[in-house]
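**Q** The following block contains the structure, expressed as structure tokens.
The values are calculated or read from the model by the stated rules, or taken from the named source; none is laboratory data. Keep in mind it's a predicted model, so treat the numbers as computed, not measured. Glycine also receives a Cβ, built like all others from the backbone with ideal geometry; neighbour counts cover every protein chain displayed. With ligands, DNA and RNA removed, areas are computed over all heavy atoms of the protein, side chains included. Shrake-Rupley method; radii C 1.70, N 1.55, O 1.52, S 1.80 Å.
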Amino acid sequence: MDPDSFVNLAKSEPQVAEKKIISYINEQVQRAEEGMITESTIRNPLKAIKVLLEMNDASLNWKKIRCLLPRARGYALDRMPTLDEIRDILDAADARGKALTLMFLTSGLREGAIESLRISDYSPIYSDGKLVAGKIVVYNGEPERYTTFVTPEALNALERYLEFRRDHGEITVIA
């Protein structure tokens, strides 16, 4: 059903539109029970439908509809990899993969932050002539800017990766 038809149906026969949404929810609950999607995924299309109807001055009984939604887990099932898993990842990774893995593990960086990093955003920290950490400025120049730190191993892996890139003809520009 196209959006205009659904809006017209919701305006003229709200109970029929609610039944269509309830039918959709039931189908999605079945998919969730089969492990195809998570329970929290079911809510996403309903948000768009609700906005569509509100923007077109059509209203449904969303309280009743929400009661039919399964309870969504409020947390991810993510976990920190074990030391053996980390060793396996590092053993299988190339220079780029090793640098990324160690940066993520030791800095708390999110995946999306990596693409904004520049060479000038990191610097080594020495104590008594020995490398003790690396300082990373994330989202430099943005309001979300913050500083984090990485282990010497992560910084060394990053240096090896950048050296690999230089050795293969990339011109490094510090900006």
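**Q** Could you tell me which of the residues Ala72, Ala133, Ala113 is assigned to a helix (DSSP H, G or I) and surrounded by 11 or more Cβ atoms within 10 Å (Cβ to Cβ)? Working first, answer last.
**A** On the way: Ala72 fails: assigned to a helix (DSSP H, G or I); Ala133 fails: assigned to a helix (DSSP H, G or I).
Being assigned to a helix (DSSP H, G or I) and surrounded by 11 or more Cβ atoms within 10 Å (Cβ to Cβ) holds for just one of Ala72, Ala133, Ala113, which is Ala113.
**Q** How about the stretch 99-110: which of its residues are touching an Asp or Glu at 6+ places or on another chain (Cβ under 9 Å) and open to solvent by 60 Å² or more (accessible area, probe 1.4 Å)?
**A** Passing the criteria: only Phe104.
**Q** So, in the stretch 34-50, how many residues would count as being open to solvent by less than 70 Å² (accessible area, probe 1.4 Å) and in a helix (DSSP H, G or I)? Even if it seems obvious, please write down each step before you answer.
**A** First, pick out the residues of the stretch 34-50 that are open to solvent by less than 70 Å² (accessible area, probe 1.4 Å): 35, 37-42, 45-46, 48-50.
After this cut, where a residue has to be in a helix (DSSP H, G or I) as well, the list is 39-42, 45-46, 48-50.
Within the stretch 34-50, residues that are open to solvent by less than 70 Å² (accessible area, probe 1.4 Å) and in a helix (DSSP H, G or I) number 9.
**Q** Oh, and also: Can you pull out the residues in the stretch 145-175 that are open to solvent by 80 Å² or more (accessible area, probe 1.4 Å), farther than 17 Å from Ala95 by Cα and touching a helix residue (DSSP H, G or I) at 6+ places or on another chain (Cβ under 9 Å)?
**A** Scanning the stretch 145-175 gives Phe149, Val173, Ile174, Ala175.
**Q** Separate question: Any chance you could count how many residues in the stretch 1-25 are open to solvent by 60 Å² or more (accessible area, probe 1.4 Å) and free of Cβ contacts under 8 Å to residues at least 24 places away in the same chain?
**A** Within the stretch 1-25, residues that are open to solvent by 60 Å² or more (accessible area, probe 1.4 Å) and free of Cβ contacts under 8 Å to residues at least 24 places away in the same chain number 10.
**Q** Please identify the pairs in which a residue from the stretch 27-49 that is free of Cβ contacts under 8 Å to residues at least 40 places away in the same chain and closer than 13 Å to Ala72 by Cα has its Cβ atom under 6 Å from the Cβ atom of a residue that is part of a helix (DSSP H, G or I) and of a type in the set (S, T, N, Q), counting only partners at least 6 apart or on another chain.
**A** From the stretch 27-49, the pairs are Ile42/Gln28.
**Q** Out of the stretch 76-87, which residues are open to solvent by less than 70 Å² (accessible area, probe 1.4 Å) and under 16 Å from the mean Cα position of the chain (by Cα)?
**A** Passing the criteria: only Ala76.
**Q** Out of the residues in the stretch 75-89 meeting the condition of being outside any loop (DSSP other than H, G, I, E, B) and hydrophobic (A, V, I, L, M, F, W, C), tell me which one is farthest from Leu100 (Cα to Cα).
**A** Looking at residues that are outside any loop (DSSP other than H, G, I, E, B) and hydrophobic (A, V, I, L, M, F, W, C), I get Leu83.
**Q** Under 27 Å from Ile136 (Cβ atoms), assigned to a loop (DSSP other than H, G, I, E, B) and open to solvent by less than 100 Å² (accessible area, probe 1.4 Å) - does that describe any residue in the stretch 57-64? Steps first, answer last, please.
**A** Start the filter on the stretch 57-64 by keeping residues that are under 27 Å from Ile136 (Cβ atoms), which leaves none.
Checking the stretch 57-64: not a single residue is under 27 Å from Ile136 (Cβ atoms), assigned to a loop (DSSP other than H, G, I, E, B) and open to solvent by less than 100 Å² (accessible area, probe 1.4 Å).
**Q** So which of Leu53, Leu90 is surrounded by 10 or more Cβ atoms within 10 Å (Cβ to Cβ) and within 25 Å of Val138 (Cβ to Cβ)? Please lay out each step first, then the result.
**A** Details: Leu53 fails: within 25 Å of Val138 (Cβ to Cβ).
Residue meeting the stated conditions: Leu90.
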